[in-house]
Each structure stands twice: as structure tokens, then as C-alpha cells.
Amino acid sequence: MSLPPAYRIQSLVQAYGENVVLDIPRLDIASGRITALVGPNGCGKTTLLSILALLLSPGSGSVQMQGRDIGRSRDHSLRREVTLVHQKAVVFSMTARKNIAYGLHAQGVKSREARERVESIIEQMQLSALADKQARTLSGGEAQRVVLARALVLETPILLLDEPTNSLDDASKYILRDLLLRAVEERGATVVLATHAMNFVSTLTETILRMESGKIA
């Protein structure tokens with residue numbers, strides 16, 4: 001039995017004044033799979049991710065998330081089902097470990113479970129040597145790994161990633177790839193990532209959508 005799509009987009013047009021940044025007549029994004037968005041800067045990838053993350057309301061048309069129209073829904077619990085990792089790594093002024101735990105505490109996850117999940121993702125992301133360092137003293141690549149760990153530890157049903165391999169070395173890319181594949185295989189997560197790194201996505205998924213001038217090419 002096939003799952004309903006994680007997102008169903010119909011007649012989506014997003015514009016700023018006369019500048020149309022998205023024009024997508026129809027698009028289904030499958031549940032429990034990895035979908036990659038590729039294309040040049042300014043093609044609309046980040047805007048689309050912002051809509052899928054419920055940070056930006058659709059201009060016109062409809063966007064359904066798990067069957068619910070996110071443009072009209074007043075169900076704030078929808079936001080808890082999706083995590084977005086922005087293109088620029090933003091860390092808080094605290095240790096890397098506390099950065100990673102931040103979202104779990106905000107969700108009200110019990111302390112013991114939060115500690116176990118944080119320590120597990122620290123080990124998987126090979127961040128043990130950095131865990132007690134101040135996050136804002138880390139290099140760009142190290143901060144990116146902390147931000148990715150902070151997102152992955154939440155285990156939300158949907159994970160959106162904007163250029164997640166920026167600043168990562170090859171070893172860290174392999175670790176991220178394996179963690180994303182595991183999230184899909186073990187808990188049925190839906191992953192949507194925007195990237196220029198074709199070598200990276202080609203090892204993750206066959207569902208690669210090319211965007212040009214706000215359209216799915």
C-alpha cells in the first residue's frame with residue numbers, strides 16, 4: 001500500500017511584486033523518501049523549502065502537507081512535524097552539546113531520553129571532541145555538523161535541508177549520507193534537500209528535480 005504524498009503542490013505561484021520566483025503547476029513529493037532539488041542560485045529552491053517548512057505562506061495555489069492545506073491550516077502542530085536546516089549554519093552562544101540538545105528541551109523531551117539521543121547523534125556525527133567547546137568558536141565545517149546534528153536529533157517526520165554539504169569535508173558528507181539513508185529506512189522520514197552537489201545526491205536518491213527560473217524543469 002503506497003503512502004499519500006508528504007506534500008502535494010497545485011498551481012503554486014510565489015511572487016514579489018512582478019518578480020515571479022515560483023511557478024509550479026503540480027508537484028507531489030513522496031513520503032518516506034529522499035527528494036533532491038537542484039539548480040542554479042536564484043532558481044527558487046530556498047523559497048520552496050521555506051514554504052514546505054511553513055515559514056512562508058504560499059502566494060496562490062495550494063500546498064498540502066500530509067493532506068492538510070498549509071496555507072489555510074491553523075493547526076500549529078504541523079510545525080512540529082518538520083525541521084529546516086538553513087543554508088548558513090547558525091549556532092547559539094553555548095556549547096556544541098547544548099546546541100544539539102536545544103530543540104529537544106524546547107519540545108519537552110524528558111531529560112534522560114534527551115541525553116541519550118544527544119549522545120547518540122554526537123557519536124554518529126563524530127563530534128565527541130567538539131561537544132564541550134563553545135559552538136561559536138568552531139570552524140564553518142564544524143558548526144555545520146553541529147547544526148545538522150541539532151536537526152537530526154529531533155527525528156521529525158520531515159527534514160528539509162538547504163545546501164547541507166556546504167563547508168563539509170568528504171568524511172562528513174559520507175556520515176551525513178548514511179544518517180539520512182538510515183532516517184528513511186528505519187523511521188520512514190521524508191527528506192527534501194536543495195543542493196548543487198550532484199555527486200552527493202546521486203548516491204542518495206534517484207528522485208532529482210531540476211529547477212530553473214522558479215519552475216520544475
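Of note:
- Check on Val20, open to solvent by 50 Å² or more (accessible area, probe 1.4 Å), farther than 27 Å from Leu168 by Cα and in contact with a strand residue (DSSP E or B) (Cβ under 8 Å, 6 or more places away or on another chain): yes
- Only one entry in Arg115, Arg136 is in contact with a Phe, Trp or Tyr (Cβ under 9 Å, 6 or more places away or on another chain) and assigned to a helix (DSSP H, G or I), namely Arg136.
- For region 72-85, taking the residues that are surrounded by fewer than 17 Cβ atoms within 10 Å (Cβ to Cβ) and in contact (Cβ under 8 Å) with a residue 12 or more places away in the chain, the one that is farthest from Ser139 (Cα to Cα) is identified as Leu78.
- Scanning region 158-174 for residues that are over 22 Å from Ile51 (Cα atoms), open to solvent by less than 60 Å² (accessible area, probe 1.4 Å) and either assigned to a loop (DSSP other than H, G, I, E, B) or in contact with a strand residue (DSSP E or B) (Cβ under 9 Å, 6 or more places away or on another chain) (or both) returns a single hit, Leu168.
- Candidates Asp28, Asp23, filtered to the one that is assigned to a strand (DSSP E or B) and touching a Phe, Trp or Tyr at 6+ places or on another chain (Cβ under 9 Å): Asp28
- Restricting attention to region 198-215, the residues being crowded, with 17+ Cβ neighbours inside 10 Å, modelled with pLDDT under 95 and under 18 Å from Thr46 (Cα atoms) number 1.
The values are calculated or read from the model by the stated rules, or taken from the named source; none is laboratory data. This is a predicted model, so every value here is computed, not measured. Don't worry about glycine lacking a Cβ; one is built from the backbone with ideal geometry, like all the others, and counts go over all protein chains shown. With ligands, DNA and RNA removed, areas are computed over all heavy atoms of the protein, side chains included. Shrake-Rupley method; radii C 1.70, N 1.55, O 1.52, S 1.80 Å.
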